[in-house]
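Have a look at the structure below before the remarks.
The values are calculated or read from the model by the stated rules, or taken from the named source; none is laboratory data. Here the structure is a predicted model, which is why all the values come from computation and not from measurement. Backbone-built Cβ (ideal geometry, glycine too); neighbour counts: all protein chains shown. Note: areas computed on protein heavy atoms with side chains; ligands, DNA, RNA excluded. Shrake-Rupley method; radii C 1.70, N 1.55, O 1.52, S 1.80 Å.
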Amino acid sequence: MVLAYQTTRLSVVDVFYDTAPSDFLVRITALLTPNVVENLPPYFDKVNTIEKAQDWYQKMVSESRLFAVKQADTKTIIGFVFVYNEPDKGAHIGYLLGELYWNKGYATELLQGLIKFAIESREWTTLIAGVDKHNTASSKLLLKLGFIEQEDNGNVRIFHKNL
């Protein structure tokens, strides 16, 4: 894993494992609880064994740039960020944090850091986030961070932020 960016309380690292180590897979199963994945795509659901965590991991690294989110002081993985590159320098982003880390300001700090990283790296010109309509906390956070709601596709709200 290589450091991508750091915030006050978080270290966000690129994950490059060919085969994820068992402790990493165990952490995936611990973080992807039913409450965490409730508003996420179906392939996040029921990742509750090492084998399913390995399958999930392989899917994520084959389809996106995967970042692990660590607490800077303890180095504990508390979540993940996913970036799906678009041909036009846009990036679809997604993120999740374990339940123990909700309502502590980590999501705000994580996304503020991601925006800064995106601006500085110049890899992308637009960040795009799709949010389940029931996930009001993420929708409010994106609006607070300057994303603009572009579409409401039934169950998914689409937000854009030009960099």
Might you let me know whether the range 125-135 holds any residue that is hydrophobic (A, V, I, L, M, F, W, C) and open to solvent by 70 Å² or more (accessible area, probe 1.4 Å)? no
Within the range 89-100, track down each residue that is open to solvent by less than 20 Å² (accessible area, probe 1.4 Å) and not in a strand (DSSP E or B). 98
So in the range 45-75, with the set limited to residues that are without any contact (Cβ under 8 Å) to a residue 12 or more places away in the chain and among the polar types (S, T, N, Q), which one is nearest to residue 17 (Cα to Cα)? 58
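Taking the condition touching a residue at least 40 places away in the same chain (Cβ under 8 Å) and in contact with a strand residue (DSSP E or B) (Cβ under 7 Å, 6 or more places away or on another chain), does residue 95 pass?
Details: touching a residue at least 40 places away in the same chain (Cβ under 8 Å): no; in contact with a strand residue (DSSP E or B) (Cβ under 7 Å, 6 or more places away or on another chain): yes.
No, not satisfied.
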Hey, can you tell me all the residues within the range 96-118 that are within 14 Å of the chain's Cα centre (by Cα), more than 14 Å from residue 4 (Cα to Cα) and of a type in the set (Gly, Ala, Ser)? 98, 107
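Quickly run through the range 66-96 and pick out the residues that are among the acidic types (Asp, Glu) and closer than 18 Å to residue 123 by Cβ. Steps first, answer last, please.
Applying the first criterion (among the acidic types (Asp, Glu)) to the range 66-96 yields 73, 86, 88.
Those that are among the acidic types (Asp, Glu) and closer than 18 Å to residue 123 by Cβ: 86, 88.
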Given (1) over 22 Å from residue 124 (Cβ atoms); (2) acidic (Asp, Glu); (3) out of contact with any helix residue (DSSP H, G or I) (no Cβ under 6 Å at 6 or more places or on another chain), number of the condition residue 99 does not satisfy: (3)
Give me the pairs, please: first residue somewhere in the range 138-156 and over 22 Å from residue 38 (Cα atoms), second residue anywhere and open to solvent by less than 50 Å² (accessible area, probe 1.4 Å) and of a type in the set (Lys, Arg), beta-carbon distance under 8 Å, and either six or more positions apart or on two chains. 145/161; 146/161; 147/161; 148/161
